[in-house]
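J.: Quick one: the structure is below, questions incoming.
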Amino acid sequence: MMNMQFRKLCVGMGYESQDAAHELWMLCARDPLFFLNTFAYLLETRDKQDWNTSAQYGTNKVIPFITRGYQDKLILEVLQYLGRRDIVIPKSRETGISWLIGGALASWDWLFHDQTHIGFVSKDLLSANNPDDPDALFSKFEFLLNHLPFWIISPSDYDRNISKNTFKNLKNGSSLTAYPAKADFGRGGRKAWLFMDEFHF
C-alpha cells in the first residue's frame, strides 16, 4: 500500500536527520490531516465485519489511521470553531468520532501547540480514564502517542497521572484532564476546549 510506504519513508527520514524531523514536525503542526495519515495508528479490537470486504491488514489489530473523506471534512470544519463555540456532531456506529476527536484531534492539538489545556468528559470517570480499558478515552489518546516516532514524542516526554486523571506534555506544558459528567465538572477551571463523549446520554 502506498500509504504504508510513505509512512516508512517519513519515519525513517525523521530518525536519520534532525533537519528532516524538524520539517516533518512543522508539517504536522500545520496540518492535522498530514499528521494523522502519515504517523498515526489506531486500535481495532473487533474482527473484520461482514460488510467490510477489505482484508488488507489481515488479522492485525493495530492499523494505520487513514481518514475517510467525511472525516477530513469534519476535522477541517471542527477546527474553524474549536474552543470558540459549541460543536454538536450527530453520529452513528462505525463513524470513528471518539478516535477522531478524543484521540486524533486532541493529540494533535496537545502535541503541537504550547500550553493547550483540554478536557475529556464521559458518563463516568472510568469511561474517560481507565488504563485497563482500551475503549476509555485516555486509552485511545495514549495509544496514539505510543505509536508515534520518538522524534515526535517519546514516553519520557509526557506524564500520565492516573490518580489525578491527567496527561501532562513535559515538552510544551499542554495538559489533558478527564472528568465524569457531573453538574460541576471543570467548575472554576479554564480549558482551550472540552470533548464530551456520549453527551446525549
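J.: Please give the net charge around Gly83, taking every other residue with its beta carbon less than 10 angstrom from that of Gly83, where Lys and Arg add +1 and Asp and Glu add -1.
T.: Numbers: positive: Arg84, Arg85, Lys191; negative: Asp109.
So the surrounding residues net to +2.
J.: Still on this model: Starting with the highest mean, order 27-38, 104-115 by the number of other Cβ atoms within 10 Å, averaged over the residues of each peptide.
T.: 104-115, 27-38
J.: Enumerate the amide H contacts of Phe195 below 5 Å, restricted to partners 5 or more residues apart or on another chain; note that Pro and chain-start residues carry no placed amide H.
T.: Gly119, Phe120, Val121
J.: List every residue whose amide H lies under 5 Å from the amide H of Tyr41, counting only residues 5 or more places away in sequence or on a different chain, with H placed 1.01 Å from N in the peptide plane.
T.: Close amide H contacts, sequence-distant or interchain: Phe65.
Taken together, the values in this text are just the output of simple stated rules run on the coordinates, not laboratory data. Small disclaimer: the values here were computed from a predicted structure and weren't measured. When we count neighbours, we look across all protein chains shown, and the Cβ atoms used for this are built from the backbone with ideal geometry, even at glycine.
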